[in-house]
Amino acid sequence: MVNTTQPTADLAPATAVKTIQDERLREVSLLTKIMRRPELGALAGLVLVTIFFLSTADASMFTLAGIMNILSPAAQLGILAIAAALLMIGGEFDLSIGSMVAFTGLVFGAFITLSGWPLLLAIAATLAVAAVLGGLNGQMVIRTRLPSFIVTLAFLFILRGLSLVGLKWATGGSTQMRGIGDQAGDGLVRELFSGVAFEGVFSWLAAHDVIAKFPNGTPTVTGVPISIVWFVVFALTATWLLLRTRAGNWIFAAGGDANAARNSGVPVDRVKTSLFMLTACAAALVAILTVLDAGSTDARRGFQKEFEAIIAAVIGGCLLTGGYGSAIGAFFGAIIFGMVSIGLTYTRFDSDWFQVFLGAMLLLAVLFNNFIRRKVTGER
Amino acid sequence: MDKDAPLIDIRNLVKHFGSVIALSGVSLTVRRGEVMCLLGDNGAGKSTLIKTLAGVHRPTSGEFFVEGQPVAFASPRDALDAGIATVYQDLAMIPLMSVTRNFFMGREPVKGIWPFRNVDFDHCDEVTREEMHKIGIDVRDPHQAVGTLSGGERQCVAIARAVYFGAKVLILDEPTSALGVAQTSMVLKYIHQVRQKGLGVIFITHNVRHAYAVGDGFTVLNRGKTLGTYRKSEIQIDELQNLMAGGKELQAVSEELGGMV
């Protein structure tokens, strides 16, 4: 009979426990809310770096021309970093994006110069090739269940090698392909992918003496380089996607715990494959922007960009283990990158300090992110 | 659909994996407002059975009825659509995601027109707060990460989620095995609440005491076979323990050690 009374004895403490737990709940402070944002570290880093350069660098660094100078390399890296961040949140890596830039640059150049296709068709076809390659990466990772690190490391070399071989084959021995800019033609499509934007606004501002101008009245900065516009638009879209849409929730879920996500009906494999395709397409976009800008492509395009993109994503708050991070953080991470790589030339420091800084920043970001994550999730 | 038919009724279910016979004739019935405990030692076939019910495995032979209708699930989604929800021990929640995001994971309500369609997070937060309040977990901030909740609370959130999304039968896979005493009683109390709502529950456990606390019926599995199904009035807790251990050996060890194992 003793045994049948067991349940009541077991259940009794429940109410007592609950009242204690209610007391233990804290009001959510503003600080906690801010700490919960994954991009906090990147934003703080950006402020610190800005303060550093404001006090050490030449004043010309923070003029309009100087800022455009910083943002141009930041934009190219940033487009890659934001895509890499989404993929990392989804729980995977892509080490092949740097080589993908070189390879899709070659593909794009070949479509323009060898096939003589119109620009719009060449761009669409290049993005399609990238999407197929990205999808292939994704399917291989999913089907073999190998770490994406290894699979995409293989593609890092395969695509870099193919770029070299392909360029030599297409140009008859050179590792550089020229004349793409001349054959691409002009028009609306060209303007969307090269040159500067908002020229009218800048002339108006110059005319009203808001920004600097040459004696003849043209502004010293004629507009915003188009890659910066793509960078900002991509950052905003990715942030919206991640935080406000169903796909965003699935990305977090797939990276946080693929099994739990699957059990709850999230199509994890589809999410991951799409993310690999998106990263490859981001690499293709960077290739198209840089090739049209320079008018040529070469096999060293995007060299080591995969590491820089991952570093920018980590500075932006992404965890290497997936399931946590932010797109806008990667945006700030890329700007920090651009600011330091360009900014050092405005100071008396040797610009080779850049690499030292890079490593230190990465280490600091990882430690900081780890600390924040423990705080936020109550993990011990 | 027959309203008096059991929610789940399986007869002589057999499952082979190649040459391995995982289930060799299992029968189980779950009715509305009933907690059926599934007991058995390691390797008894508990996992295979629940995975078959959840649509992960397809049975080799045997009959499977849901509310009187014969069913054959092709995927876990099918089982979910039929109202059979499974709450796995560790694989239910994502610690780094907020309570709201976890609660609606895979079933996010959307508003707006494509491609500007977004998740109605205000509604989600409100529902989450309400549902948590109903089960006595006061989530003041539904944006807090699930990792900040205790193990018991996580199990309760997972169960609440299944109930909210219209489950008729809950399969709970060892929900109490990793929990402390207070946490366990919290989960057991919630299972009792779910039963009172008229849902059927299949409660898988190693722990006879936990089973006896909330169970209406007990099905004991051993080596892929049903050893027997007993109502609570028919069996005592120590008999159940012996059945589960598959013999008198445990009793002997227990007496030797001078207490209950």
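Values in this text are rule-based calculations from the coordinates and carry no lab data. In this text the structure is predicted, and so the values were computed from the model without any measurement. Neighbour counts are summed over all protein chains in view; Cβ atoms, including those assigned to glycine, are modelled from backbone coordinates with ideal geometry.
See the values below:
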| quantity | calculated |
| --- | --- |
| Fully extended contour minus Cα-Cα distance, from residue A:48 to residue A:198, at 0.36 nm per residue | 51.0 nm |
| Residue-averaged [θ]222 nm for the protein assembly as shown, counting only DSSP H segments that reach four residues, each worth -39500 (n - 2.57) | -18000 deg cm²/dmol |
| Dimensions (Å) - region A:39-374, Cα atoms, principal axes, largest first | 67, 51, 37 |
| Centroid-to-centroid separation of region A:308-356 and region B:99-143 [C-alpha atoms, Å] | 34 Å |
| P(r) histogram, all alpha-carbon pairs of chain B included - 5 Å bins from 0, percent | 1, 6, 12, 16, 17, 16, 12, 9, 6, 3, 1, 0, 0, 0, 0 |
| Computed magnitude of the charge dipole of chain B (debye, nearest 20; Cβ of K, R +1, Cβ of D, E -1) | 420 debye |
| Chain A: DSSP helices with Cα axial extent of at least 30 Å and average Kyte-Doolittle hydropathy no lower than 0.0 | A:64-89, A:119-144, A:148-171, A:268-294, A:353-377 |
| Unsatisfied cross-links (Cα-Cα over 31 Å) in the set B:197/B:232; A:33/B:111; B:46/B:232; B:168/B:232 | none |
| Sequence ranges A:78-89, B:153-164, A:348-359, A:38-49, ranked by mean other-Cβ count within 10 angstrom, highest first | A:78-89, B:153-164, A:38-49, A:348-359 |
| Residue A:125 versus residue B:72: modelled label distance in nm, points set 7 Å from Cα along the beta carbon direction | 4.8 nm |
